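Read the figures in this text as sums done on the coordinates, not as results from a lab. This structure is a prediction, so every number in the text was calculated from the model and none was measured. Note that each Cβ is placed from the backbone with ideal geometry, even for glycine, and that neighbours are counted across all protein chains shown.
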């Protein structure tokens, strides 16, 4: 039996899931809907999304609507291409009910957390920022409520101490596609019983903006270090030094009693004399490598040799707010 699907997705993670669908003999992708081509780089040349590039290489019809709500033309076109399942992976837009009701079986979503934890926009980043040691992929049904549908399958994924959002996305990419195709296969055979979520236990995330990378330092070392991991590689954790953006690429933690005021760069007064950190609440954010605007990433020791005034430099953060990436209620 062949399972037909319509696929909605945009970034590289979605393309990895779509690739698994193409690689499965009993799954037939009838069409793909993705974001319009977007200008990239200094040239501003419009580039297709990873999902679009992959779909076109397999000869699958691709639609790139600017909007999906009240898009009668798109709706009527998709109605002429019936599918068993609608699959949504990081598409970037909320689908209206008239699209969710198109498949003959179910609309399903591949979500980057163990639901009901970390619903909404940035579950992978939020789990790292919260210091979690485990997350997962959830395959769920789609309803009018965002990430509130019944659970079809879950695959747990460990979060290592060195994971960033970039490495954790790669872990999701490795397992999400196979979990999806296996779930659809078992559901089509009547072997999957949807399980309602415990909505009272739900937590929520928000969309990450570029401005979230600008740091505050009035917190403990681990909380700040985990936030930096969650913002790597995008938008990157940064501050400003001598009028240029300085990105903190690799950091670590050290607990103790800083000599300098909060937000000040100093040499750690014990252990390796080459260690440099930013004074925070109850310790230091240890800096391993940094990138100053227009330059290459370098170890912080090399950066300090070229910028000796970096030691005892105090980052001004008094007027900033560091919004949490997740919360208990919307």
- Task: Report, in degrees rounded to the nearest 10, the 0 to 90 angle that the Cα long axis of helix 165-188 makes with the longest principal axis of the chain.
- Result: 20 degrees
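If neighbour count is taken as other Cβ atoms inside 10 Å, put 80, 135 in order from fewest to most. Display every interim value, and only then the final one.
Numbers: 80 7, 135 25.
The order, fewest Cβ neighbours first, is 80, 135.
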- Please identify, among 271, 306, 136, the residue showing maximal mean-square fluctuation in a Gaussian network model of the chain using a 10 angstrom Cα cutoff. 271
- Query: When only Cα pairs under 8 Å and 6 or more residues apart are kept, what is the percent relative contact order across region 43-113?
  - Reply: 27 percent
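With both bridge residues required to lie in the chain, what share of the DSSP beta bridges run antiparallel, to the nearest 5%?
On the way: 40 of 59 bridges.
Approximately 70 percent, going by the DSSP bridge assignments.
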- Compute the acute angle (0 to 90°) between the alpha-carbon long axis of helix 221-230 and the principal axis of greatest extent of the alpha-carbon atoms of the chain; round to the nearest 10°. 40 degrees
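For a quick check: sort 63, 240, 248 by the number of other beta carbons within 10 angstrom, fewest at the front.
Working: 63 20, 240 13, 248 24.
Ascending Cβ contact count within 10 Å gives the list 240, 63, 248.
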- Per 5 Å bin, what is the whole-percent P(r) computed from every C-alpha pair distance within region 1-149? 2, 9, 18, 21, 21, 15, 9, 4, 1, 0
- For the chain, built as a Gaussian network whose Cα springs stay under 10 Å, the top-fluctuating residue of 28, 187, 270: 270
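When a footprinting reagent is the concern and you count Cβ atoms within 10 Å, what order do 296, 171 take, fewest first? Let's see the in-between values first.
Values: 296 6, 171 18.
With the fewest neighbours first, 296, 171 line up as 296, 171.
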- Among beta bridges that DSSP assigns inside region 53-210, antiparallel share in %, nearest 5: 70 percent
- Task: Could you work out which residue, out of 127, 201, 153, moves most in a Gaussian network model of the chain, that is, has the largest mean-square fluctuation with Cα springs under 10 Å?
- Result: 201
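Using only the Cα atoms of region 224-299, construct the convex hull and provide its projected area averaged over every direction, in square nanometres to one decimal. Intermediate values should be presented prior to the final figure.
On the way: hull surface 20.4 nm².
Over every viewing direction, the Cα hull of region 224-299 projects on average to 5.1 nm².
Just want to confirm a number: the relative contact order over the chain, from Cα pairs under 8 angstrom separated by 6+ residues, in percent. Please report the intermediate quantities before stating the final value.
Working: 693 pairs, mean separation 45.6, N = 330.
Relative contact order, the chain: 14 percent.
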